[in-house]
Each structure stands twice: as structure tokens, then as C-alpha cells.
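Notes follow the structure.
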Amino acid sequence: MNPHAPFRGVLHMPDRAVLRSTSPVTLADGRPLASIRWHTWNVRARFDILDPAGVTELAHGSRVGVIGRRYAARVPGGAALLELRLARWLGVGGRCTVALPDGETLTVRGNWTRRAFAIEDRSGRPVGRILRTGAILALRPDSLTVELDRAALTAVQAIALAQCLRAAIGSARSSDSSAAAVAAGG
């Protein structure tokens, strides 16, 4: 399967395992489609999307800017794959915009604590959803499933979108933890 072709179907994306820097991306039938390499000690929330063998880079992404309201993914040559812009006031919990290179825009909105997001096109028609498959208190709580009912994204774009959301959620969790520590006097 060509990961850069328009995609309709289900992708399973387990969270990064403890002490591992990669995680697989599989189709609904279990066939590997890609793998994600996590850059754990990086303030920009960098990630790479690789082929199933983990050798060839299909795309890479990270947070853009200092504030952390934008996340972008690019193909190896540097061309834009997508950009996720978080909602102005609610961040990842509000209505986020996904800008695609062809000028199309999608909307992602949902509940970041439940990891349940709806993806819609510009006219509000459903495109798909991103759902949590891991338990909240599990070692891998950010395991996700991406379900696309329409081929509005390529498989690599769908993976990049889910990874950008994971990075934004991680940033929101860090901000909440830091604010709680400051409020508690620590």
C-alpha cells in the first residue's frame, strides 16, 4: 500500500513503549504500514514517520514556534504535509484547524482528556475520528485508532495529524502539571 495515496480505513497507533524510541502503525488487519520514531529529549516534540522497517523517512514533524499553538509535518524534501493550529482559547480541546498543502482545511475537535476527536471538512461533513484505545492508567495511555470514513487525507497525513495531537496533548499535560506545582508552592 502506498502511504502517500488517499486513505480510507483504520490505522492503529500504539503509544510509545517504555524504553523504546519507535512504535508501529498498522492497518485494521494487522499489516504494518509505518513506524513512528519519537525524539524523547526534545522540547519541540519532534517525531519521524518511517516505513514499516524503520529505515526510510516518509515524513517528520514537530511543534512550530515558542508558544506551542502550531504543529507541522513535512515530507523529507521539506514540502508541507499538514499544519495543525490549536484553538486560540481552548488549545487542543477546542476547534483546531488542519491546513493541507492543496489549500483544503479540516477541523479537529474533541476532548483531549478522553482522546476522542472528530475530523470534519470545511462544510462540516464528517471525515473520520481519532479515538483512544489505551486505558487512562495504563503504561501506554496514548494508544490511538484513526478511523477515516472518507479519503480526505493520505495515510501519512493521518499519522502525522494523530502525532501532532499527541504532541499537543503532551504539552497540555506538562502545562497542567507545571501550573499545579506552582500553585502548590513546588
**Item:** Protein-only accessible surface order, largest first, of D29, D149 at 1.4 Å
**Value:** D29, D149
**Complete:** Measure of exposure for E83: accessible area at 1.4 Å probe, Å² rounded to 10, is 40
**Request:** Just read off the accessible area of T56 with the full protein assembly in place, 1.4 Å probe, to the nearest 10 Å².
**Result:** 70
**Request:** Search the structure for amide H atoms under 5 Å from the amide H of L144, placed 1.01 Å from N in the peptide plane, and list their residues when 5 or more places away or on another chain.
**Result:** M13, D15, T133
**Message:** Once R0 is set to 41 Å, what does the formula 1/(1 + (r/R0)^6) return for the Cβ-Cβ distance between E104 and R31, expressed as a FRET efficiency to the nearest 0.05?
**Reply:** 0.90
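The values are calculated or read from the model by the stated rules, or taken from the named source; none is laboratory data. This is a predicted model, so every value here is computed, not measured. Don't worry about glycine lacking a Cβ; one is built from the backbone with ideal geometry, like all the others, and counts go over all protein chains shown. Quick note on the areas: whole protein, heavy atoms, side chains included, nothing else; ligands and nucleic acids left out. Shrake-Rupley method; radii C 1.70, N 1.55, O 1.52, S 1.80 Å.
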